[in-house]
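Undergrad: One structure, pasted below without further comment.
The values are calculated or read from the model by the stated rules, or taken from the named source; none is laboratory data. What you are looking at is a predicted structure, and each value in this text was computed from that prediction instead of being measured. Cβ coordinates were reconstructed from backbone atoms using ideal geometry, including for glycine residues, and neighbour counts include every protein chain displayed.
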Amino acid sequence: MNEPILTVDNLRVEIPTRRGVVHAVRGVSFTVNRGETFALVGESGSGKTMTCRAIVGLIHPPGKIAGGSVVFQGQDLVRLPVRDLERVRGSGVVMVFQDPMTALNPVLTVEQQITETLSRGEPPLFQRDRAIELLRQVGIPDPERRLGSYAHQLSGGQRQRVMLAIALARQPALLLADEPTTALDVTIQAQILRLMLTLQKEFGMALILVTHDLGVVYQSVDRVAVMYAGQIVELAATAELFARPRHPYTIGLIGSVPSADRNRLLTPIFGMPPDMIDFGRGCPFAPRCAWATEECVDREIPLAAVGAEHWSRCIHVDRLDSAPPRPAASPGGVSGG
Amino acid sequence: MAEPLLSVRNLVKHFPLPHGVIDAILRRPPERVRAVDDVSFTVERGKTLGLVGESGCGKSTLGRCILRLYDADAGEVRYDGVDLMGLDDAGLAPYRKRMQVVFQDPYSSLNPRQSVGKMLLEVLDVHGIGTAGERHRRVIHLLTQVGLRPTDAQKYPGEFSGGQRQRLGIARALAVEPELLIADEPLSALDVSIQAQILQLLLDLRASLGLTMIFISHDLRVVRYLSDDVAVMYLGKIVEQAPTADLFARPQHPYTLALLSAMPEVGGVSREAIAVEGEPPSAVHVPPGCRFHPRCPWNVARCVEEEPELKELLPRHAVACHVAEDRLA
């Protein structure tokens with residue numbers, strides 16, 4: 001069932017600041033298929049959240065979408081008038097955020113916030129039943145009583161469940177989840193993630209999961225896009241990506257996670273992500289990369305196919321299997337992080 | 001076997017909740033947060049103990065009680081044979097030098113108006129380490145030791161990134177050449193690639209300085225990577241404790257199993273998921289019997305009635321669970 005539901009093409013997001021323009025998203029392209037679980041992976045500042053916000057049209061001024069298109073079910077959301085966009089946002093694409101406390105309205109009850117999203121014109125009694133049903137679906141115990149609760153009366157996990165209930169009220173075809181479990185405790189994280197994946201199947205939704213947790217990606221998603229400095233640097237099916245990473249940054253990320261094997265040394269990436277204002281033309285990862293050559297800095301590196309359904313923004317793909325020619329930077333001397 | 005560097009016995013720390021006039025009139029009993037509730041463990045010289053649990057389980061309070069940043073209500077903290085609980089401030093001073101802490105949020109634990117060099121000099125000054133000239137050299141040495149530049153001494157904390165600030169936090173802790181380093185979630189505020197840098201730094205320093213460590217974290221993956229022993233805490237109590245390899249190969253407590261299955265691993269086989277329902281209860285209203293029973297998939301009648309003791313059910317492997325005990329008997 002490889003029918004694309006979302007096609008993002010050459011998306012660019014810019015945010016003017018006093019220091020200059022921050023190029024938060026720099027030409028991001030990918031597609032998400034109907035019912036698929038897709039992950040955007042990257043560290044803070046990599047542009048993964050901004051990409052999602054651009055998809056749902058939630059870039060706050062003075063930030064703006066500077067180019068590209070976001071085609072959802074045949075409509076380009078970037079060019080859609082705001083009124084139509086609101087309609088799409090309600091029933092087509094929804095986003096849940098990292099911090100449900102700030103995303104929920106503190107002065108409205110749970111019931112008010114869910115019914116607000118339900119289609120208008122339905123009788124209030126019906127709406128109440130729907131709200132109860134939704135709360136039950138997201139695993140809120142005693143939903144009738146919870147209808148009258150306010151956000152501050154709920155625990156972090158329950159707030160995220162209520163967020164999901166609101167998101168699901170209009171039966172969206174695509175759910176964007178921006179680090180939905182980061183603010184939660186470990187066992188609650190697992191609950192919410194499991195719930196999201198169950199609901200995704202139940203509702204037949206596509207899911208874009210924004211995360212920095214490679215373990216979660218490994219165990220639960222179909223395809224992965226790795227982002228660095230506002231670009232997708234690698235895109236592949238999950239199993240393929242972990243078995244044969246074809247970008248030094250991906251290799252670095254995987255090597256940064258402590259593994260079960262204590263004999264396997266950690267191979268941290270040294271240095272820091274680049275300044276998002278002042279870019280050279282070349283690969284933004286080159287200063288931290290052990291394989292980098294002069295060629296990497298000289299020209300723009302395109303995202304190129306390196307295997308079946310596998311793309312990488314690296315010109316040294318063939319050399320990555322051998323050990324790096326030099327350590328990226330000495331861990332002791334010049335400081336990183 | 002030599003005497004352990006640190007030995008904690010039956011440590012208790014409760015925080016009283018505000019008890020107002022109305023509560024008194026209504027004769028409500030005063031309530032307390034039972035942050036640490038009868039915890040015992042030892043750490044041998046040169047070893048690292050990983051202390052794992054979710055927020056509110058008391059792992060940070062425990063760390064602070066050991067340092068006497070909090071005064072425990074009961075129990076004993078023996079450091080190198082001396083009971084720290086009985087010491088006054090003056091008596092404690094030498095031990096404050098031998099134990100240091102690195103906090104989670106390096107920014108809030110640094111003074112924004114003090115340059116890094118001054119901050120480190122002050123630490124050396126307070127503890128009376130070296131002459132003025134030696135102190136300056138020591139500051140430079142500390143900065144390079146944690147991977148910063150000597151010129152960074154002139155900068156203020158605000159000029160550093162999160163990872164660099166954590167390096168500063170570590171430099172400050174190392175300034176007094178401690179034997180025991182308590183690291184309280186030192187990686188949580190950092191990005192993945194930066195986490196690995198700091199983790200590697202801690203490993204290098206541990207090896208070169210022969211540090212004894214207590215590593216407090218919610219992340220079992222990190223704890224597995226660097227600990228010799230692991231203690232899993234839940235609501236103020238240790239529920240399982242074992243040498244690291246053993247704990248991960250043969251986890252016994254359902255809460256440990258739940259934590260493990262909640263942490264998907266790259267390349268790991270997905271474990272049989274132990275789904276834990278509900279959320280941790282508050283440490284004010286601790287459930288009777290086993291504290292974990294309301295969320296436990298194994299819950300039997302005895303769990304509600306009787307609190308399980310932490311018992312050595314396998315060699316050096318202690319578990320507080322009735323069901324595990326019956327199974328292993």
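Undergrad: State whether one or more residues within segment A:110-131 are within 14 Å of chain B (Cβ to nearest Cβ) and either among the hydroxyl-bearing types (Ser, Thr, Tyr) or surrounded by fewer than 21 Cβ atoms within 10 Å (Cβ to Cβ) (or both).
TA: no
Undergrad: Considering segment B:134-162 alone, what residues qualify as being in contact (Cβ under 8 Å) with a residue 40 or more places away in the chain, in a helix (DSSP H, G or I) and facing chain A (nearest Cβ under 9 Å)?
TA: The answer is B:Gln145, B:Gly162.
Undergrad: When you scan segment B:266-275, do you find a residue that is surrounded by 21 or more Cβ atoms within 10 Å (Cβ to Cβ) and either more than 7 Å from every other protein chain (Cβ to nearest Cβ) or modelled with pLDDT under 95 (or both), even just one?
TA: The answer is no; no qualifying residue exists.
Undergrad: Have a look at B:Leu201, B:Leu190, B:Leu181 and point out the one that is within 13 Å of chain A (Cβ to nearest Cβ) and outside any loop (DSSP other than H, G, I, E, B).
TA: B:Leu201
Undergrad: From A:Leu184, A:Leu168, A:Leu207, which residue is buried (at least 20 other Cβ atoms within 10 Å of the Cβ) and modelled with pLDDT of 90 or more?
TA: Step by step, each of A:Leu184, A:Leu168, A:Leu207 is checked, and only A:Leu207 is buried (at least 20 other Cβ atoms within 10 Å of the Cβ) and modelled with pLDDT of 90 or more.
Undergrad: While we're looking at this one, here's another question. Which one of these does A:Leu77 not meet: (1) surrounded by 21 or more Cβ atoms within 10 Å (Cβ to Cβ); (2) under 17 Å from the mean Cα position of the chain (by Cα)?
TA: Unmet condition: (2).
Undergrad: Taking only segment A:147-161 into account, find how many residues are within 14 Å of another protein chain (Cβ to nearest Cβ) and closer than 17 Å to A:Gln112 by Cα.
TA: Within segment A:147-161, residues that are within 14 Å of another protein chain (Cβ to nearest Cβ) and closer than 17 Å to A:Gln112 by Cα number 6.
Undergrad: Mind counting the residues in segment A:226-249 that are touching a Ser or Thr at 6+ places or on another chain (Cβ under 9 Å), more than 20 Å from A:Gly282 (Cβ to Cβ) and either small (Gly, Ala, Ser) or not assigned by TED's automatic domain parsing to the domain that holds A:Glu300 (or both)?
TA: Looking only at that region, the number is 1.
Undergrad: Please specify each residue of segment B:192-213 satisfying the condition of being surrounded by fewer than 24 Cβ atoms within 10 Å (Cβ to Cβ) and more than 24 Å from B:Val43 (Cβ to Cβ).
TA: B:Val192
Undergrad: Can you tell me which residue among B:Pro288, B:Pro297 is within 14 Å of another protein chain (Cβ to nearest Cβ) and either part of a loop (DSSP other than H, G, I, E, B) or at positive phi (or both)?
TA: After ruling out the rest, the residue left standing is B:Pro297.
Undergrad: Taking B:Ile170 as the residue in question, decide whether it is of a type outside the set (S, T, N, Q), closer than 30 Å to B:Cys57 by Cβ and not in a helix (DSSP H, G or I).
TA: no
Undergrad: Of everything in segment B:163-178 that's surrounded by 21 or more Cβ atoms within 10 Å (Cβ to Cβ) and not hydrophobic (A, V, I, L, M, F, W, C), which residue is nearest to the other protein chains (Cβ to nearest Cβ)?
TA: The qualifying residue nearest to the other protein chains (Cβ to nearest Cβ) is B:Gly163.
Undergrad: So, one more: Here is a list of conditions, (1) of a type in the set (A, V, I, L, M); (2) under 29 Å from B:Val192 (Cα atoms); (3) not in a strand (DSSP E or B), and A:Leu85 meets all of them except one; can you say which number that is?
TA: Unmet for A:Leu85, out of (1) of a type in the set (A, V, I, L, M); (2) under 29 Å from B:Val192 (Cα atoms); (3) not in a strand (DSSP E or B): (2).
Undergrad: Looking only at segment A:1-43, how many residues end up being within 19 Å of A:Asp213 (Cβ to Cβ) and without any contact (Cβ under 8 Å) to a residue 24 or more places away in the chain?
TA: 0
Undergrad: Now for a separate question. Of the residues A:Val221, A:Val233, only one is closer than 24 Å to A:Val306 by Cα and surrounded by 23 or more Cβ atoms within 10 Å (Cβ to Cβ); which?
TA: The match here is A:Val233.
Undergrad: Looking at segment B:41-78, which of its residues are touching a Ser or Thr at 6+ places or on another chain (Cβ under 8 Å), of a type in the set (Ser, Thr, Tyr) and not in a loop (DSSP other than H, G, I, E, B)?
TA: B:Thr42, B:Thr48
Undergrad: Can you pull out the helices (runs of 4 or more DSSP H) entirely within segment A:186-302 that have at least 2 residues that are within 14 Å of chain B (Cβ to nearest Cβ)?
TA: The helices (runs of 4 or more DSSP H) meeting that bar are A:186-203, A:214-220, A:238-243, A:248-256.
Undergrad: Scan segment B:15-31 residue by residue and report those that are surrounded by fewer than 15 Cβ atoms within 10 Å (Cβ to Cβ) and not β-branched (Val, Ile, Thr).
TA: Answer for segment B:15-31, where residues must be surrounded by fewer than 15 Cβ atoms within 10 Å (Cβ to Cβ) and not β-branched (Val, Ile, Thr): B:Pro16, B:Leu17, B:Pro18, B:His19, B:Gly20, B:Asp23, B:Ala24, B:Leu26, B:Arg27, B:Arg28, B:Pro29, B:Pro30.
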